[in-house]
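These notes concern the structure reproduced below.
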Amino acid sequence: MDSTHKTWRSYIWLWLVSGLLGLIIGLGSYTLVAAKASSYLSERPAVCANCHIMGPYYQSWLKSSHNVWANCNDCHVPMDTSFRFWSYKIVDGLYHSYMFSFGPEAQVIRPREASNQVMLENCLRCHSPLVTEFTKMGPDYYSVLNGDKKVCWDCHREMSHTQNASVSSIVYGNLPLPAADRPAWLESAIVRPKPLEKPGSE
């Protein structure tokens, strides 16, 4: 066995590791570009509709009174410190990515307890003078679970996404969905079903 062959074999693990890292970096970079990851650094509510499953919630916010005063972050992300804002946004974003990518999400999405805590904090942040004067609300959502206090949506049940928002509730909704990042050859090969006709369009 010559020295060249021995040298190549002795570095085969390096080639394999380099190839694997290249594959991970390449696929990861493409995923970030295709998912428009940088758009999530903005404050634009339309970004939430990048995932079609969020369409009903974007649509219901758009028709609510809150759309004049608050965007998604104002209600759903902590606002007390920059560290908490970004750490929560990153963790919550990764959780959403997992749920929407692998499909265990429900037809009707409801907040987790941690999300409820954040939303309650933000309700009080904007409406504090009113709610602290006339109600027994408090900033701790876990005291609500014990039955000691109330939350805003115990009474305001249709704020801001309504109780009926679900994946199948806006079949004909007009959403700002992003353009697909598909090459032309793949786009031309896709066989598309005939679009649904709106009721009463005949």
(request) May I ask you to evaluate 6.51 cos²θ - 1.76 cosθ + 1.60, the Karplus curve with θ = phi - 60°, for each residue of region 43-52 and list the ³J(HN,Hα) values in order in whole Hz, giving x for glycine and proline? (result) 9, 6, x, 4, 4, 4, 7, 4, 9, 4
(message) With θ taken as phi - 60° and the coefficients 6.51, -1.76 and 1.60, list the Karplus ³J(HN,Hα) couplings across region 77-90 in order, rounded to whole Hz; mark glycine and proline as x.
(response) 10, x, 10, 6, 9, 5, 4, 5, 4, 6, 5, 5, 4, 5
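If you take every residue apart from ARG125 with its C-beta less than 11 Å away from the C-beta of ARG125, what net charge results, scoring Lys and Arg +1 and Asp and Glu -1? Intermediate results must be reported in sequence, preceding the final value.
Working: positive: none; negative: ASP74, ASP80, GLU121.
After counting each charged neighbour, the total is -3.
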(request) May I ask you to evaluate 6.51 cos²θ - 1.76 cosθ + 1.60, the Karplus curve with θ = phi - 60°, for each residue of region 184-189 and list the ³J(HN,Hα) values in order in whole Hz, giving x for glycine and proline? (result) 4, 5, 6, 4, 6, 8
(request) At 7 Å along the Cα-to-beta-carbon direction for both SER82 and SER188, put a label point, then send me their distance in nm to one decimal. (result) 5.0
(message) Along the Cα→Cβ direction, 7 angstrom out, place labels at LEU14 and TYR40. What is the inter-label distance in nm?
(response) 3.7
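None of the figures in this text is laboratory data; all of them are computed from the coordinates on show. None of these values were measured; they are calculated from a predicted model. When we count neighbours, we look across all protein chains shown, and the Cβ atoms used for this are built from the backbone with ideal geometry, even at glycine.
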